[in-house]
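Visitor: The following block contains the structure, expressed as structure tokens.
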């Protein structure tokens, strides 16, 4: 029985780590979130332009570039940026007609390191989940789905606390992006800051928390479904 308890703990840990890492993999540089932010951003800019009648003051987050991107260029370049970011072994970003500053390439690759790590952890924990539940199914021990969901909520809370309190450069920069729409973590010597809407980091964080919650609910549903299917049928 002690062996099954250990496997149950491992399964719960795998479920929790899978949830928080897989959510990051799916949401990082997510195109759907970008589309939503971009639509709101363009609408806000158009309202400002109507009020001020001055295109040059449509947004206070764009740096003073010699080249201004059209909306379709921003969307097309983000799609290319997202594809290059999610190309696992690629460390360069080839935009359409533009070139990123070396500093911004380094910054993006720093974030991409976490993205790669999250994929490794997601794959490893998924394999661990499958192996553990194959063994636990012999005793019909499926509570690790619930325990893993609780652990995921706990780990997410701890990560949020670290995010809010850490003095490390990356966390400080991330807080600035999420709460202050300040992307000074990146250089303003190229078009990257024009591509990213001011609210993008904030909605990425919100979408991440919502997706983690959805995955936790999904794990609870899986446990309930297995329990329901395992009940004897009455004829």
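Visitor: Is there a residue being within 17 Å of residue 5 (Cβ to Cβ), out of contact with any strand residue (DSSP E or B) (no Cβ under 6 Å at 6 or more places or on another chain), in contact (Cβ under 8 Å) with a residue 40 or more places away in the chain and in a helix (DSSP H, G or I) anywhere in the stretch 153-161? Steps first, please.
Guide: Taking the stretch 153-161 and keeping what is within 17 Å of residue 5 (Cβ to Cβ), we get none.
So far as the stretch 153-161 goes, no, none of its residues is within 17 Å of residue 5 (Cβ to Cβ), out of contact with any strand residue (DSSP E or B) (no Cβ under 6 Å at 6 or more places or on another chain), in contact (Cβ under 8 Å) with a residue 40 or more places away in the chain and in a helix (DSSP H, G or I).
Visitor: Please go through the stretch 138-148 and pick out each residue that is in contact with a helix residue (DSSP H, G or I) (Cβ under 8 Å, 6 or more places away or on another chain) and assigned to a helix (DSSP H, G or I). Write out each step before concluding.
Guide: We begin by selecting, within the stretch 138-148, every residue in contact with a helix residue (DSSP H, G or I) (Cβ under 8 Å, 6 or more places away or on another chain); these are 139-148.
Passing the criteria: 139, 144, 145, 146, 147, 148.
Visitor: Pairs please, first residue from the stretch 167-189 and touching a residue at least 60 places away in the same chain (Cβ under 8 Å) and on the phi > 0 side of the Ramachandran plot, second anywhere and surrounded by fewer than 17 Cβ atoms within 10 Å (Cβ to Cβ) and not in a helix (DSSP H, G or I), Cβ atoms under 8 Å, 6+ apart in sequence or on different chains.
Guide: 181/61
Visitor: Now for a separate question. I'm trying to understand the selection: among the residues of the stretch 95-137, which are outside any helix (DSSP H, G or I), in contact with a helix residue (DSSP H, G or I) (Cβ under 9 Å, 6 or more places away or on another chain) and closer than 17 Å to residue 187 by Cα? Break it down into steps so the answer makes sense when it comes.
Guide: Applying the first criterion (outside any helix (DSSP H, G or I)) to the stretch 95-137 yields 95-101.
If we keep only those that are in contact with a helix residue (DSSP H, G or I) (Cβ under 9 Å, 6 or more places away or on another chain) as well, we get 95-98, 100-101.
Scanning the stretch 95-137 gives 95, 98, 100, 101.
Visitor: State which residue is modelled with the highest pLDDT when the search covers only the stretch 186-210 and only residues that are surrounded by 18 or more Cβ atoms within 10 Å (Cβ to Cβ) and part of a loop (DSSP other than H, G, I, E, B).
Guide: Result: 186.
Visitor: Next question, about the same structure. Given the conditions (1) modelled with pLDDT of 80 or more; (2) surrounded by 13 or more Cβ atoms within 10 Å (Cβ to Cβ), report the number of the one that residue 87 does not fulfil.
Guide: Of the numbered conditions (1) modelled with pLDDT of 80 or more; (2) surrounded by 13 or more Cβ atoms within 10 Å (Cβ to Cβ), the odd one out for residue 87 is (2).
Visitor: Take the stretch 162-174 and flag every residue that is farther than 15 Å from residue 208 by Cα and assigned to a helix (DSSP H, G or I).
Guide: Passing the criteria: 162, 164, 165, 169, 170, 171, 172, 173.
Visitor: Test residue 219 against the stated conditions and say whether it is in contact (Cβ under 8 Å) with a residue 40 or more places away in the chain and in contact with a helix residue (DSSP H, G or I) (Cβ under 8 Å, 6 or more places away or on another chain).
Guide: yes
The values are calculated or read from the model by the stated rules, or taken from the named source; none is laboratory data. Note that the structure is predicted; figures quoted are calculated from it, not measured. Because the Cβ atoms are built from the backbone with ideal geometry, glycine has one as well, and the counts that use them run over all protein chains shown.
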